[in-house]
Amino acid sequence: MDIEWRALRGGAIGELAATSGTARPALCMLGDHAQLRLSAAWILVIVLHGKAEVRHGEEKLWLEGRQWLTLSRDAQTLVRVRGAGRVLVASGDAASLAMFDPGGLWLPCARGGLKAPAGRVLQALRRSLTECGSVDPADAEGFLRRLLDGLTPCGLQEARVPGRTALRRRQLLARMLRGRLYIEGHADRVVRITELARLCSFSPWHFTKTFHQLFGETPQAFGARTRLLRARELVRDTQLAICEVAAACGFENASSFARAFHDRFGESASRLRARARAAGNGMYGRRIERS
């Protein structure tokens with residue numbers, strides 16, 4: 001398998017576009033503060049160290065170390081390493097996905113964690129690369145397939161996926177994962193059930209029932225938890241006022257945000273910020289980018 005390889009680091013900005021029909025996937029390693037704009041039929045982002053921000057259309061997603069994300073739509077995507085870190089991005093067209101995923105392990109629009117430590121992933125990657133940066137076809141193909149095998153979806157009760165056939169279950173699972181990722185990608189507002197049901201081609205009742213069956217909580221509960229986790233990060237890592245954090249995470253007023261935050265984390269947002277400052281949080285003091 002012919003694979004394009006590149007590396008970006010030190011604030012570098014790169015662009016990558018999959019050429020349809022080439023069956024040639026691409027691998028890109030992003031270092032500190034690097035950014036990559038890409039458009040491809042499929043994208044896999046793995047944060048080995050540090051944090052990353054992924055913007056896919058109107059959706060904004062945040063990943064931390066040993067977390068991964070898959071996307072399966074042709075749209076402009078931006079992957080940005082936030083601060084010091086290392087992020088591996090794989091992408092390509094539909095033909096290349098079929099070549100390195102013959103077993104159908106690929107889950108579109110999903111996220112989760114790595115089974116193996118990040119160090120092992122890096123070691124496997126290094127073994128697949130020669131000193132000049134080219135890729136040995138046999139090693140690279142095995143590496144990409146091992147990557148897929150090492151992905152564990154977050155919060156998924158896959159054994160509970162309904163459907164009479166494996167294909168039907170796979171299709172339903174893909175639609176529900178799309179809805180879950182949509183909620184995570186819009187952590188700045190409350191996503192309505194009708195909106196999610198339309199996106200996933202379900203009735204509101206059927207979507208809610210199936211979501212709870214697969215993920216162990218209702219879409220409303222998952223959305224509230226997602227927004228509060230994002231709010232905690234903003235409280236801890238930025239200088240935004242608490243009321244600004246509340247608005248940025250879709251809460252109507254500071255009072256409802258304060259109650260929800262305390263109920264979820266057992267302390268107020270102000271107390272969490274004070275502890276972060278006292279501990280010398282390296283991220284504290286960063287003004288959030290509004291672009």
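The values are calculated or read from the model by the stated rules, or taken from the named source; none is laboratory data. The structure displayed is predicted, hence computed values, not measured ones. Every residue, glycine as well, gets a Cβ built from its backbone with ideal geometry; the counts of neighbours run over all protein chains shown.
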Within the range 263-279, how many residues are in contact with a helix residue (DSSP H, G or I) (Cβ under 8 Å, 6 or more places away or on another chain) and part of a helix (DSSP H, G or I)? 7
Look at the range 172-229 and say how many of its residues are loosely packed, with under 15 Cβ neighbours inside 10 Å, modelled with pLDDT under 95 and of a type in the set (Val, Ile, Thr). 0
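Enumerate the helices (runs of 4 or more DSSP H) found wholly within the range 202-253, keeping only those where 1 or more residues are closer than 20 Å to Ala276 by Cα. So that I can check it myself, show each step before the final result.
Values: elements: 204-215, 219-237, 242-248.
Answer list for the range 202-253: 219-237, 242-248.
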Pairs needed: first member in the range 60-78, within 14 Å of Tyr182 (Cβ to Cβ) and in the same structural domain as His49 (by TED's automatic domain parsing); second member anywhere, of a type in the set (S, T, N, Q) and not in a loop (DSSP other than H, G, I, E, B); C-beta distance under 8 Å; at least 6 residues apart or different chains. Leu71/Thr77; Ala75/Ser39
What number of residues in the range 181-194 are in contact (Cβ under 8 Å) with a residue 12 or more places away in the chain and part of a helix (DSSP H, G or I)? 6
By my count, strands (runs of 3 or more DSSP E) wholly in the range 7-89 with at least 3 residues that are buried (at least 20 other Cβ atoms within 10 Å of the Cβ) are 26-30, 42-56, 67-71
Might you let me know whether the range 1-16 holds any residue that is under 15 Å from Thr77 (Cβ atoms), modelled with pLDDT under 90 and touching a helix residue (DSSP H, G or I) at 6+ places or on another chain (Cβ under 8 Å)? no
Determine if the range 260-267 includes at least one residue that is closer than 18 Å to Val190 by Cα, among the hydrophobic types (A, V, I, L, M, F, W, C) and surrounded by 12 or more Cβ atoms within 10 Å (Cβ to Cβ). yes
Of the numbered conditions (1) at pLDDT 95 or above; (2) of a type in the set (Val, Ile, Thr); (3) not in a helix (DSSP H, G or I), Ile288 satisfies every one except a single condition; which is it? (1)
